[in-house]
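Undergrad: Can you keep this structure in mind? I'll have questions shortly.
The values are calculated or read from the model by the stated rules, or taken from the named source; none is laboratory data. Since this is a predicted model, take the numbers as computed values, not measurements. Cβ placement follows ideal geometry from the backbone for every residue including glycine, while neighbour counts extend to all protein chains displayed.
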Amino acid sequence: MEKVKVGVIGCGLAWEKLHYPAFKELADRYQIVALCERHPEVAEDWGHRLGLDVTRDVFTDYRQMLERADLQVVDIVVPIPQNHQVAEEVARMGKHIILEKPLGATYDQAVATTELPYRYGIKMMIAENYRYSEEFNLIRKLVEEKKTGAPVFFIYHSSSCFPCGMRKDSFSAIEWRQHPEYPGGDILDGAIHDVAGLRHVFGGIKHLSAFGVPQEADFSPYAVIAVNMEFLNGVVGTFSYFPAGREVHKPPVGFRVFGTKGQLYLENTDCGLVNVFHQDGGHEMIGYKPRRGYYNELLNFYNALMGTEEIAVTPEVEIGDFRTIYAILQSIKDQDIVNVDRTLEYALQ
C-alpha cells in the first residue's frame, strides 16, 4: 500500500491526544517524515518518539520544513489565530493540507481559507471530528431513514466546564485558549463541534436567535448560550452550550431528536449507544465506537488522495459551521433573529 509522506506543524496537546493516535493506527497509509514545533525540547522529544533524524527531520521553523520536496501532506495543528496564515503558506508550497478547525480567527480569514485549494491546486480537509464521528453519522442515517418518522424538533445541550480543566493537563490549561485572540473564545473553539454535528444531521440553518449570560472570564464572553434554530428542512429546536460548569444530573439532556413516530437519544458522545424509542413502546439500542472521528477523517483524506472517494469535510462544508457561530454571537449582540444560510456574510463589530 502506498504511504503518504506527512509533515506536522505543532506538537502540542491536540497532536499528542487526537491526531497522533490516529496516524499511528493508520501507519500502513501515512508516514510522518518531518515535524515542526517552536519549542526545541518538545520538537526533539517528538523526533525521537517518531524515529526521525533530529538533525535533518525536526524543525523549529515550519517554513524551512516546507522546503522539503518529499512532503506530500502537512498536518497543521497550531493555535487558532495562526490557522489561516500557516495554511496559506503551506498551500503556496503546493502541499496538501489537514487543517484543524476553525478555518481562521475571523470570518474574513475563514472565507480566505476556503479559497486556498482553488488558488493553489491542493486538497484540503478540515479536521472536524464530529462530522466524521460514528455517533453523528449514525444519527444522520437514522434521521434520513426516518427511523422514528419524519424529524420535527430537537433538544441538544452540551456542557464542558472549561474552568474545571484550567489547572489540569487539558485543553483548558492552554494559555491561548484561556485568553483567546478571536471572537467568542471557547464558543468558536468548542461549541463549533456541536454546531457541526447538528448541521451534519439536519443540513443548513435558515435562521436562529440566541441569548447569552455575560461573564468576566476571558475564555468565553458568555457563561452559557441558548440558541433557537430553524433548519432549511423545517426542523426546529434548541441548542445550549454551557462552558462554565458541569451537568451533574444523570442521564444528561444530551441530544434528542423527536420524530412523528418516536425519539432518538444520544446521552453524550462517549456513551457508545444511540437509544431509539418508538411510540408503540418499542425500544432499541444501537451501538457505535466512540472517538473514531480522527481515525475516520484521516482515512477519508487518504482515500481522497488516492482518488477513491471525495473529501467529506472540505472548507466549503466547514465555513457553514463557522458562519453559524458568528450568527450566534451576532444574534446575542443585536438581540435579533439572524439569517444563516440565506445570507453568506457577517461582520462582527
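Undergrad: How do the strands (runs of 3 or more DSSP E) wholly within the range 8-122 filter down when requiring 1 or more residues that are under 30 Å from Gln330 (Cα atoms) and acidic (Asp, Glu): which remain?
TA: Values: elements: 30-36, 73-76, 96-100.
Result: 96-100.
Undergrad: Now for a different question. So if I check each of Ile126, Ile155, which one is modelled with pLDDT of 95 or more and not assigned by TED's automatic domain parsing to the domain that holds Phe219?
TA: Working: Ile155 fails: not assigned by TED's automatic domain parsing to the domain that holds Phe219.
On inspection, the qualifying residue turns out to be Ile126.
Undergrad: Can you pull out the residues in the range 318-338 that are touching a residue at least 40 places away in the same chain (Cβ under 8 Å), assigned to a helix (DSSP H, G or I) and either in contact with a strand residue (DSSP E or B) (Cβ under 7 Å, 6 or more places away or on another chain) or among the small types (Gly, Ala, Ser) (or both)? Explain how you work it out, then say what you get.
TA: So the first thing to find is which residues in the range 318-338 are touching a residue at least 40 places away in the same chain (Cβ under 8 Å), and the list is 318-329, 331-332, 336-338.
Next cut, assigned to a helix (DSSP H, G or I) only: 318-329, 331-332.
Matches in the range 318-338: Glu318, Gly320, Thr324, Ala327, Ile328, Ser331, Ile332.
Undergrad: Are any residues in the range 102-131 over 18 Å from Gln82 (Cβ atoms), buried (at least 21 other Cβ atoms within 10 Å of the Cβ) and hydroxyl-bearing (Ser, Thr, Tyr), and if so, which ones?
TA: The one that is over 18 Å from Gln82 (Cβ atoms), buried (at least 21 other Cβ atoms within 10 Å of the Cβ) and hydroxyl-bearing (Ser, Thr, Tyr): Tyr130.
Undergrad: Determine the pairs where a residue that is in contact (Cβ under 8 Å) with a residue 24 or more places away in the chain, located within the range 102-128, has a partner that is of a type in the set (Lys, Arg) with Cβ atoms under 7 Å apart, the partner being 6 or more residues away or on another chain.
TA: From the range 102-128, the pairs are Pro117/Lys123; Tyr120/Arg92; Ile122/Lys95; Ile126/Lys101; Ala127/Lys101; Glu128/Lys101.
Undergrad: Identify, by number, the condition in (1) part of a strand (DSSP E or B); (2) in the same structural domain as Ala210 (by TED's automatic domain parsing); (3) touching an Asp or Glu at 6+ places or on another chain (Cβ under 7 Å) that Ile192 doesn't meet.
TA: Result: Ile192 fails condition (1) only.
Undergrad: Which of the residues that make up the range 191-213 are among the small types (Gly, Ala, Ser) and surrounded by fewer than 22 Cβ atoms within 10 Å (Cβ to Cβ)? Let's see the steps before the verdict.
TA: Step one: filter the range 191-213 for residues among the small types (Gly, Ala, Ser), giving 191, 196-197, 203-204, 209-210, 212.
If the condition is that a residue be among the small types (Gly, Ala, Ser) and surrounded by fewer than 22 Cβ atoms within 10 Å (Cβ to Cβ), then Gly203, Gly204, Ser209, Gly212 are the ones that fit.
Undergrad: While we're here: Could you go through the range 271-290 and let me know if any residue there is surrounded by 17 or more Cβ atoms within 10 Å (Cβ to Cβ), among the aliphatic types (A, V, I, L, M) and on the phi < 0 side of the Ramachandran plot.
TA: yes
Undergrad: Just to be sure, is Val274 in contact with a Pro (Cβ under 8 Å, 6 or more places away or on another chain), closer than 26 Å to Ile126 by Cβ and part of a strand (DSSP E or B)?
TA: Details: in contact with a Pro (Cβ under 8 Å, 6 or more places away or on another chain): no; closer than 26 Å to Ile126 by Cβ: yes; part of a strand (DSSP E or B): yes.
Judged against the criteria, Val274 is not a match.
Undergrad: Additional query: Confirm whether Arg140 is of a type in the set (Lys, Arg), closer than 26 Å to Arg291 by Cα and touching a residue at least 24 places away in the same chain (Cβ under 8 Å).
TA: Numbers: of a type in the set (Lys, Arg): yes; closer than 26 Å to Arg291 by Cα: yes; touching a residue at least 24 places away in the same chain (Cβ under 8 Å): yes.
When the stated conditions are applied, Arg140 passes them.
Undergrad: Related question: Can you name the residue in the range 79-135 that is among the β-branched types (Val, Ile, Thr) and under 14 Å from the mean Cα position of the chain (by Cα) and, of all such residues, is nearest to Trp15 (Cα to Cα)?
TA: Start the filter on the range 79-135 by keeping residues that are among the β-branched types (Val, Ile, Thr), which leaves 80, 86, 90, 97-98, 106, 111, 113-114, 122, 126.
From what's left, under 14 Å from the mean Cα position of the chain (by Cα): 80, 98, 126.
Values: Ile80: 14, Ile98: 12, Ile126: 15 Å.
This residue is Ile98.
Undergrad: Out of all the residues in the range 214-235, which are exposed (fewer than 15 other Cβ atoms within 10 Å of the Cβ) and in contact (Cβ under 8 Å) with a residue 12 or more places away in the chain?
TA: First, pick out the residues of the range 214-235 that are exposed (fewer than 15 other Cβ atoms within 10 Å of the Cβ): 214-216, 218, 232-234.
Answer for the range 214-235, where residues must be exposed (fewer than 15 other Cβ atoms within 10 Å of the Cβ) and in contact (Cβ under 8 Å) with a residue 12 or more places away in the chain: Gln215, Asp218, Leu232, Asn233.
Undergrad: For the range 51-59, check the following and say yes or no: at least one residue is touching a residue at least 12 places away in the same chain (Cβ under 8 Å) and within 25 Å of Ser172 (Cβ to Cβ). Steps first, please.
TA: So in the range 51-59, the residues touching a residue at least 12 places away in the same chain (Cβ under 8 Å) come out as 52, 57-59.
Filter once more, keeping what is within 25 Å of Ser172 (Cβ to Cβ): none.
Within the range 51-59, none of the residues are touching a residue at least 12 places away in the same chain (Cβ under 8 Å) and within 25 Å of Ser172 (Cβ to Cβ).
Undergrad: Closer than 16 Å to His207 by Cβ, surrounded by 15 or more Cβ atoms within 10 Å (Cβ to Cβ) and either at pLDDT below 95 or in contact with a Pro (Cβ under 8 Å, 6 or more places away or on another chain) (or both), is that true of Val257? Explain how you work it out, then say what you get.
TA: Working: closer than 16 Å to His207 by Cβ: no; surrounded by 15 or more Cβ atoms within 10 Å (Cβ to Cβ): yes; either at pLDDT below 95 or in contact with a Pro (Cβ under 8 Å, 6 or more places away or on another chain) (or both): yes.
No.
Undergrad: For the range 158-189, what are the residues that are more than 26 Å from Pro315 (Cα to Cα) and assigned to a strand (DSSP E or B)?
TA: Answer for the range 158-189, where residues must be more than 26 Å from Pro315 (Cα to Cα) and assigned to a strand (DSSP E or B): just Ser159.
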